[in-house]
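J.: Here it is, the structure in full.
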Amino acid sequence: MYSLMIKDNYNIEVKKAFIVYIRSKSKLIEIEIKDEIYNDLQIILNEIINIIQKGYFPKRTKYKSRCRDCTYRNICIK
Ligand code: SF4
């Protein structure tokens with residue numbers, strides 16, 4: 001998402017991003033930004049817009065393991 005914002009605001013190509021896991025001794029992960037990421041991001045953004053504008057909720061994740069430590073598991077309606 002940050003890459004898309006940087007790309008749009010500054011009209012520059014973004015090739016890398018970094019994630020820092022502060023709870024894991026600031027472990028640094030480098031991510032290569034490919035064009036496919038923006039396609040996937042657009043799908044996610046469309047889902048968010050649907051939620052906000054139409055009250056549509058996306059399907060539950062098919063990966064049950066994601067629910068285990070999800071912030072929203074106590075209020076998830078799926
Ligand atoms: S608990 Fe979290 S990860 Fe699982 S379906 Fe609900 S929102 Fe998605």
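The values are calculated or read from the model by the stated rules, or taken from the named source; none is laboratory data. Not measured: the values here are computed from a predicted model. For neighbour counting, all protein chains shown are included, and Cβ atoms are generated from backbone atoms with ideal geometry for every residue, glycine included.
J.: Which of the residues spanning segment 3-18 are among the β-branched types (Val, Ile, Thr) and loosely packed, with under 10 Cβ neighbours inside 10 Å? It would help to see each step written out before you state the result.
T.: The first filter runs over segment 3-18 and keeps only residues among the β-branched types (Val, Ile, Thr), leaving 6, 12, 14.
Once the filter is applied, which keeps residues that are among the β-branched types (Val, Ile, Thr) and loosely packed, with under 10 Cβ neighbours inside 10 Å, segment 3-18 yields only Ile12.
J.: Here is a follow-up. Identify, from the list Ile51, Ile75, the residue that is within 9 Å of the ligand (Cβ to nearest atom), out of contact with any Cys (no Cβ under 8 Å at 6 or more places or on another chain) and among the aliphatic types (A, V, I, L, M). Even if it seems obvious, please write down each step before you answer.
T.: Values: Ile51 fails: within 9 Å of the ligand (Cβ to nearest atom).
One residue alone meets the criteria, Ile75.
J.: Exactly one of (1) modelled with pLDDT of 95 or more; (2) within 16 Å of the ligand (Cβ to nearest atom) is unmet by Arg66. Its number?
T.: (1)
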